[in-house]
Amino acid sequence: MKGRERNLHSRREILRQMLGTGIALPFFRAWSPPGPQQKDANSPPSQNLSPEDDQFLNDVESASFLFFWEQGSPNTGMVQDRCNVRTGKPGGASSIAATGFGLTALCIGAHRGFIAQGAALERVFSTLRFLWKKLPNHRGFFYHFANPETGERMYDSEVSSVDTAILLCGVLSCRTHFRHPAVAELATLIFNRVDWTWLSEDTSLLTHGWSPEIGFLPSRWDYYSELMMMYLLGMGSSAHPLDPQTWNAWKRLTFEYDGMRYIGAFAPLFIHQYSQAWFDFRGQRDKYADYFQNSVTATEVHRRFCLELGKQFPDYSDDLWGITASDSKDGYVVWGGPPATGPIDGTVVPSAAGGSLPFLPEATLRVLKNIRNKFPFAWTKYGFVNAFNPLTNWYDSDVIGIDTGIILLMAENLRSGFVWQTFMKNPEARRGMEWAGFHKE
């Protein structure tokens, strides 16, 4: 895929190849913001950072937040899937996953003072109203790509199960952070409309999606990946809950590299990051694993894998590593390792390290600071470009919402645990983990 064609395909499409509320606006504006939220006393402490590292992460967050503010429609709140940061030209389609990250970004932006609380809240309210009243859905699930102003389905995209889950994580984050009655009502309506029982009516393994042309897609969420958030949300639903046995249906394959064992499925590092941007797995486990520690191990394995690749691609070093699904000079590629997957060519993907900040703070911070300091073309007003290759002097022109989003959320989680603490206040999140059998270690 080259040029604009790559915008029409999601990473999950490529992975499959591999494997009307009555709420009134005046009521909304009459609300007074609550005081500062208190830290959850039961939450494990976050990483202690030096003032220099904390300021660096603040700069990363501020720039990343700007993407979601400027590339989100003021009218609908829908966030562009990507933007050419050199020209300022958006990609043309909004993504429900990018919008989910964007809703969480509004919580972070208000929390950190990147934007006024009232402005953030107004954007949240516009987004939730659009999701509830205008954006086409099927049984509560949304089409992956949509026109950002009209909500019209684009690119014949599927009704996506996991992208809807990412959106719902953003919706629920806004409900607990802003604590506004109108936002809370809309968020609850949107979440409770999702019919998880329809998605699982003939199987314990959820399908990747549905389209009006072919019905359910044949691919199932059957191996460990970013699927955890989707199953947990479904089990946590009070309106249309998944059977708790679905948590046991998907496979947890164990891999070994350099003497380290961990659960995985395929190479891109993002599979170890996405669910953990919202769900706080620290200090607890189910009967299968400690998933936070599993992601720590998987990230360390990937770091060592990249160092080994340094024999072939000399740009990879302890100061510069990280490969996950991203743009490349030839289009969108799902690559990573181990095992080595895709046409690895020395490209560095900042979201590989950025999305793993809470797992290996020292190692990932070193990489991100090195990119910021030594590769100026890899840094933009929206933070890091999606990918770059120092060996060929290729720098992506695009910033992609979900990859910028995972950096933003994980940077804040490393600094304060704010996203974890905010999201886990939702009863749906806590109920899902309880049904899955999570307990403190």
| field | Gap separating the Cα centres of the range 214-252 and the range 253-310, nearest whole Å | value | 20
| request: Rounded to the nearest Å, what's the spacing between the alpha carbon centres of the range 382-410 and the range 105-125? Just the number, please. | output: 24
| query | For the range 304-440, what class follows from the C-alpha gyration tensor (a ≥ b ≥ c being the square roots of its eigenvalues): rounded when a/c is under 1.5, otherwise prolate if a/b is larger than b/c, else oblate? | reply | prolate
| task | Please work out the average accessible area per residue across the chain, using the 1.4 Å probe convention, and give it in Å². | result | 36
| Considering only the chain, what is the antiparallel percent among its DSSP beta bridges, to the nearest 5? | 95
| task | About the Cα centre of the chain, how large is the charge dipole given +1 on each Lys and Arg Cβ and -1 on each Asp and Glu Cβ? Please answer in debye to the nearest 20. | result | 660
| said: Could you derive backbone 3J(HN,Hα) for the range 182-197 from the dihedral phi with the Karplus parameters 6.51, -1.76 and 1.60 (θ = phi - 60°), listing whole Hz in sequence and x where the residue is Gly or Pro? | reply: 5, 4, 4, 5, 5, 4, 5, 4, 5, 5, 6, 6, 5, 9, 5, 5
| query | Heavy-atom accessible area of TRP69 with all protein chains present, probe 1.4 Å, nearest 10 Å²? | reply | 70
| remark: For the range 370-441 the mean separation of alpha carbon contacts under 8 Å (6+ apart) over residue count, i.e. relative contact order in percent, is 15
| note | Out of VAL419, ALA363, GLY342 - ranked by how far each Cα lies towards the positive end of the dipole of the range 296-441, with unit charges on the beta-carbon of charged residues - the top one is VAL419
| task | Would you check the chain for Lys pairs whose C-alpha atoms are within less than 22 Å, ignoring same-chain pairs closer than 8 in sequence, and give me the count? | result | 14
| query | Of all accessible surface on the chain at a 1.4 Å probe, what whole percent is carbon and sulfur? | reply | 50
| task | Take every Cα pair under 8 Å in the range 228-288 that's 6+ residues apart, average their separations, divide by the length, and report that relative contact order as a whole percent. | result | 23
| Cut-off 10 Å between beta-carbons: net charge of the residues surrounding ASN58, Lys and Arg +1, Asp and Glu -1 | -3
| said: Show me the trypsin sites (Lys or Arg not before Pro) within the range 272-347 that DSSP assigns to loop and that have at most 13 other Cβ atoms within 10 Å of their Cβ. | reply: LYS287, LYS311
| field | Within the range 201-344, percent of DSSP bridges classed antiparallel, to nearest 5 | value | 95
| message | Suppose we keep just the DSSP beta bridges with both residues in the range 157-285; what percent of those would be antiparallel, to 5? | response | 90
| field | GluC sites (Glu not before Pro) within the range 65-167: DSSP coil, no more than 15 neighbouring Cβ in 10 Å | value | GLU149, GLU152
| When only C-alpha pairs under 8 Å and at least 6 residues apart count, what is the relative contact order of the range 157-255, in percent? | 30
| task | Quote the accessible area belonging to SER237 in square angstrom, nearest 10, computed with a 1.4 Å probe and with ligands, DNA and RNA left uncounted. | result | 0
| request: Tell me which label goes with the value of volume of the Cα convex hull per residue in Å³ computed from the coordinates here: (i) 220; (ii) 155; (iii) 129. | output: (iii)
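The values are calculated or read from the model by the stated rules, or taken from the named source; none is laboratory data. Note that the structure is a prediction, hence the values are computed from the model and not measured. FYI the Cβ positions are ideal-geometry reconstructions off the backbone, even for glycines, and counts take in every protein chain you see. Just the protein is used for accessible areas: all its heavy atoms, side chains included, with ligands, DNA and RNA removed. Shrake-Rupley method; radii C 1.70, N 1.55, O 1.52, S 1.80 Å.
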